[in-house]
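Asker: Dropping a structure here in structure tokens format, bear with me for questions.
Derivation of every value follows stated rules applied to the coordinates shown; laboratory data play no part. Values in this document were obtained by computation on a predicted structure and should not be read as measured data. Positions of Cβ are generated from backbone atoms using ideal geometry, with glycine treated the same way; all protein chains shown enter the neighbour counts.
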Amino acid sequence: MYDFKILTEAVLHGDVQKAVAETEGALEKGLDIQEILNKGFIAAMDQVGQKYSRGQIFVPEMLRSARAMKECMRLIRPLFEKGDFISKGMVVIGTVKQDVHDIGKNLVAMMLEGGGFTVTDLGVEVAPEKFVHKVREVKADIVAMSALLSTTMAAMRETIVALQEAGIRDQVKVMIGGAPVTEQFALDIKADSYAPDAGSAVIVARKLLGIS
Amino acid sequence: MRVYSDITRPINLIACGVFRSALAYLKLEKSHPTLRVRFLPSNLHLQPQELRNTLSKALNGTLMKNERTVCLYGSCFPDFSDFCDHHGVDKVPGHHCFQMLLGSKRYDNIMKEMVGTYFLERDLILHFDKYCLEPLALQEDEIRRAFFKPYRRVIYIRQPADPDLVPQAEELARFLGLPLKIRDANYSYLKQTLVNLIEV
Ligand code: B12
């Protein structure tokens, strides 16, 4: 049985070199990609998320861990595309209009990708029409919106209305998050779900699509 | 003329330290002699949960007495208004200090003009190292670039009693690799919203 401790520790400490070397090693040993993702990266980033929530680490440490995972994902992504990997669903993600905070959104995107979803990241300052357009184009299963400013949370509601007006609201699940966002707000704007961090975003996304 | 609910009842104004110079300038205690202002450190903003706990403690202290308490804060952690309702205190309307210093219309216009605007004001300029540079590790080029990639300019919101902070604002803007613009705050919005709340 492969010991993922070195990999998870490397990601946890943002040690890019070690994380990449471990990933290469695991791939050479022929380990299953999803196992590397789940037991290596997702497990590590879950711990990072928990430490952040508890105030044990702050944003730079989180960024360093994310960078380590990102570099490893570069090695793994081509194998996704080879075809022996079935996507769990199509996600369109972005930070809403008038908001350029993107660290949390990037983490969620990366974790969803690591969790087996195909992710289209629209970046920051994404207008409702742009979300609608992309959802249609890629036939998204989930649209994921991030907002970090209380002034921009309203754009989440606007996007949901835009999806309704475009007649595609019932074809796509809406998931929202970001520091000022709450479960209650998600209910108020009739989003399908809310997740407080990137780790639970993967669980919630799976639930939304009925995947165990 | 306004009717005061009880002009002898003490009013505690619990404010973020970012408003220290604004409140010194507005001198609201002159027209409202029962007003007592207390500031909490502005760097609590980096950790909203800690801000919530500190504010909660500060508010619990005032609730024991027969005093009215007013909060001068933006929506600096989730459900700030519900939090105030829960503690039985009033909150000045506004999302964050930059919006409150500029006035909501001016802030909206600035954001419409260029969303990628990063704001500086006196407190942040004077304590940039402690409030931003160190906790966010901005001295690391890669991290700084990751943080400020979507930004296009810095706006220094200059307040009436500010010392000459333009050279420091310029230096910070250079450090962030962004051009600097200056906008003067006149406190008209802040004063109005505060007075409206105090004079219930
Ligand atoms: C880092 C930071 C910045 C960085 C942003 C860098 C970047 N490129 O994103 C910098 C310094 C540039 C910045 C700028 C500003 N910021 Co800022 N910032 C923060 C800070 C400290 C941390 C945010 C962060 O990145 N956290 C780390 C990530 C990993 O956590 P997260 O974003 O919460 O994301 C997690 C979850 O929320 C969730 N999640 C996030 N998105 C999504 C989406 C989905 C679908 C799901 C399911 C989950 C999910 O999962 C993520 C990972 O676990 C917060 C305070 C705080 N602690 O939250 C203030 C904060 C968000 N900023 C704030 C403000 C006011 C500003 C500025 C206006 C300040 C200024 N001087 O100009 C500007 C914004 C200007 C503009 N034009 O928009 C305020 C907002 C207050 C309000 N009422 O809206 C906050 C809350 C600080 C405060 N307490 O007042 N900021």
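Asker: If the reach is capped at under 23 angstrom between alpha carbons, list the lysines near residue A:29, excluding any in the same chain fewer than eight residues apart.
Answerer: A:5, A:18, A:39, A:70, A:82
Asker: Work from the charge dipole of the protein assembly as shown (Cβ charges, +1 for Lys and Arg, -1 for Asp and Glu, about the Cα centre) and give the residue of A:34, B:16, A:156 farthest towards its positive end.
Answerer: Most positive-ward Cα: B:16.
Asker: Give the lysines whose C-alpha is closer than 27 Å to that of residue B:65, dropping any in the same chain fewer than 8 places away, or say none.
Answerer: B:27, B:30, B:57, B:91, B:191
Asker: Would you count, across the stretch A:90-209, every pair of lysines whose alpha carbons are under 13 angstrom apart, provided the pair is eight or more residues apart or spans two chains?
Answerer: On the way: A:97/A:130; A:139/A:173; A:173/A:190; A:173/A:207.
Here the count comes out as 4.
Asker: For the stretch B:38-109, divide the Cα radius of gyration by the Kirkwood radius and give the resulting Rg/Rh value with two decimals. Provide the component values of the computation, followed by the final result.
Answerer: Numbers: Rg = 12.7 Å, Rh = 12.9 Å.
Computed over Cα atoms, the ratio is 0.98.
Asker: What is the antiparallel percent of DSSP beta bridges lying wholly in chain B, to the nearest 5? List each step's numbers first, then the result.
Answerer: Values: 0 of 22 bridges.
Once the DSSP bridges in chain B are tallied, antiparallel ones form about 0 percent.
Asker: Specify the angular offset, from 0 to 90 degrees and rounded to the nearest 10, of the alpha carbon long axis of helix A:154-165 from the longest principal axis of the alpha carbons in chain A.
Answerer: 70
Asker: Angle, helix B:104-113 long axis vs. longest principal axis of chain B, Cα atoms, 0 to 90°, nearest 10?
Answerer: Once rounded, one gets 20 degrees.
Asker: Another question about this same structure. Consider all pairwise Cα distances in the protein assembly as shown and report the whole-number % of them above 28 Å. Mind dumping the intermediate values first?
Answerer: Values: 45803 of 84666 pairs.
When every Cα pair of the protein assembly as shown is considered, 54 percent fall beyond 28 Å.
Asker: Using Cα pairs closer than 8 Å and at least 6 residues apart in sequence, work out the relative contact order for chain A, in percent.
Answerer: On the way: 352 pairs, mean separation 38.2, N = 212.
For chain A, the relative contact order is 18 percent.
Asker: Straight-line reach from residue B:112: which aspartates and glutamates fall under 13 Å, measuring Cα to Cα and dropping same-chain residues less than 8 apart?
Answerer: Here the aspartates and glutamates satisfying the reach criterion relative to residue B:112 are A:99, A:125.
Asker: Related question: Hey, got a sec? Which trypsin sites (Lys or Arg not before Pro) in the stretch B:153-200 land in a DSSP loop and have at most 11 other Cβ atoms within 10 Å? Can you show the working numbers first?
Answerer: On the way: sites: B:153, B:158, B:174, B:181, B:183, B:191; in loops: none.
Of the trypsin sites (Lys or Arg not before Pro), not one in the loops of the stretch B:153-200 has a Cβ with at most 11 other Cβ atoms within 10 Å.
Asker: Can you tell me how the stretch A:90-209 classifies by the Cα gyration tensor, rounded, prolate or oblate, using a/c under 1.5 as the rounded cut? Don't skip to the end; give the middle numbers.
Answerer: Values: a/c = 1.24, a/b = 1.03, b/c = 1.20.
Rounded shape, in that the Cα axes give a/c under 1.5.
Asker: Sticking with this one: So which trypsin sites (Lys or Arg not before Pro) in the stretch B:5-104 pass both tests, a DSSP loop state and at most 15 other Cβ atoms within 10 Å of the Cβ? Could the numbers behind the result be given before it?
Answerer: Values: sites: B:20, B:27, B:30, B:36, B:38, B:52, B:57, B:65, B:68, B:91; in loops: B:27, B:65.
Within the stretch B:5-104, the qualifying trypsin sites (Lys or Arg not before Pro) (loop, at most 15 other Cβ atoms within 10 Å) are B:27, B:65.
Asker: Measuring from centroid to centroid over Cα atoms, what is the spacing of the stretch B:167-188 and the stretch A:83-133 in Å?
Answerer: 33
Asker: Turning to a different aspect of this structure: If a/c stays under 1.5 just call it rounded; otherwise compare a/b with b/c (prolate if a/b is bigger, oblate if not). Do that for the stretch A:4-84, with a ≥ b ≥ c from the square roots of the Cα gyration tensor eigenvalues. Please report the intermediate quantities before stating the final value.
Answerer: Numbers: a/c = 2.08, a/b = 2.01, b/c = 1.03.
Prolate.
Asker: How far is helix B:48-63 tilted off the main Cα axis of chain B, in degrees rounded to 10, range 0 to 90?
Answerer: It works out to around 20 degrees.
Asker: Indicate the gyration tensor shape class of the stretch B:98-184 (rounded, prolate or oblate), computed on the Cα atoms with a ≥ b ≥ c the square roots of the eigenvalues: a/c under 1.5 is rounded; otherwise a/b larger than b/c is prolate and the rest oblate. Write down the numbers at each step before the final one.
Answerer: Values: a/c = 1.91, a/b = 1.28, b/c = 1.50.
It comes out oblate by the Cα gyration axes.
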